[in-house]
Amino acid sequence: MKTKTAIIGGTGFDQIDSLEVIDRKVVRTPYGDPSGVVINGKLGKKSFVFLPRHGISHSIPPHKVNYRANIWALKDSGVDKVIAFAAVGGIDRSLVPGAIVVPDQLIDYTSDREHTYFDGETGNVTHVDFSFPYSTSFRKKIISAAKKAKVNVVESGCYAATQGPRLETAAEINRLEKDGATIVGMTGMPEAVLARELELEYVCIAIVVNPAAGRGDGEISMEEIRQELTRGAQTSIEILKKL
Ligand code: HPA
């Protein structure tokens, strides 16, 4: 069966320079407008659908992203697999800037986001299974593509999704660590569960761009984040080319 894979570009990944654009489509959804046009393109020989989560000019903050419209637009474009890129802070002290993590678990600390397609309007109450929030089989493919590309990835991790847009306090990070989280970002939810509700195979490639609050020396530097993002995005493209 033919499969179609989407890339949701995160911070630093609003455009993929090496993506050969085939076409751009405006997709309307019952939930409003997605973050941008849906791009069909090629990376090397492989076709991908691309959608920048924060808009092409990076103007939509994490709590304002229309996650329902984005995931709906991808489904509507015939996508069955989603690779979500995410810039994250490293909670676990071994996860220093530059590390790339393929998380296998998440904890949701977000609030006040439209987080389901099943809000009772159809008259049916639906509870999706979310024990394993990321697709196990697709994660394996990503990890083996990383090996082929000779990119070191951390093969598991627990993503804490926070509300943002502010970064966390050092005490909050200690609490997330006690909860079992190893990385922290602001966009992992409800994106992952919406993909599950629409039966898309969803994985996350998380690029560690800073030590989480209280883990580094002093305050979090935006300049350091920007540099790590550029490097991480290039490395991730090598993984995609080997998929
Ligand atoms: N916290 C939350 N989100 C983030 C961070 C962080 O430290 N770094 C990049 N995205």
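Just one of the listed residues (Ala69, Ala99, Ala84, Ala73) is under 24 Å from Val128 (Cα atoms), touching a residue at least 24 places away in the same chain (Cβ under 8 Å), within 16 Å of the ligand (Cβ to nearest atom) and among the hydrophobic types (A, V, I, L, M, F, W, C), namely Ala84. Looking across the range 194-241, just one residue is polar (S, T, N, Q) and in contact with a helix residue (DSSP H, G or I) (Cβ under 6 Å, 6 or more places away or on another chain), and that is Asn210.
Meeting the requirement of 1 or more residues that are within 16 Å of the ligand (Cβ to nearest atom) and over 19 Å from Tyr117 (Cα atoms), the helices (runs of 4 or more DSSP H) wholly within the range 127-224 are 170-179. Selection of the range 53-66 for residues being away from the ligand (no atom under 16 Å from the Cβ) and touching a residue at least 40 places away in the same chain (Cβ under 8 Å) yields Gly55, Ile56, Ser57, Asn66. Checking each residue in the range 13-58 for being within 17 Å of the chain's Cα centre (by Cα) and part of a loop (DSSP other than H, G, I, E, B) picks out Phe13, Asp14, Gln15, Ile16, Pro34, Ser35, Gly36, Arg53, His54, Gly55, Ile56, His58.
Taking (1) in contact with a Lys or Arg (Cβ under 6 Å, 6 or more places away or on another chain); (2) loosely packed, with under 15 Cβ neighbours inside 10 Å in turn, Lys42 satisfies each apart from (1).
Just so you know, all these numbers are worked out from the coordinates, no wet-lab data involved. Keep in mind that this is a model prediction, so the values were computed, not measured. Here the Cβ is made from the backbone with ideal geometry for all residues, glycine too, and neighbour counts use every protein chain on show.
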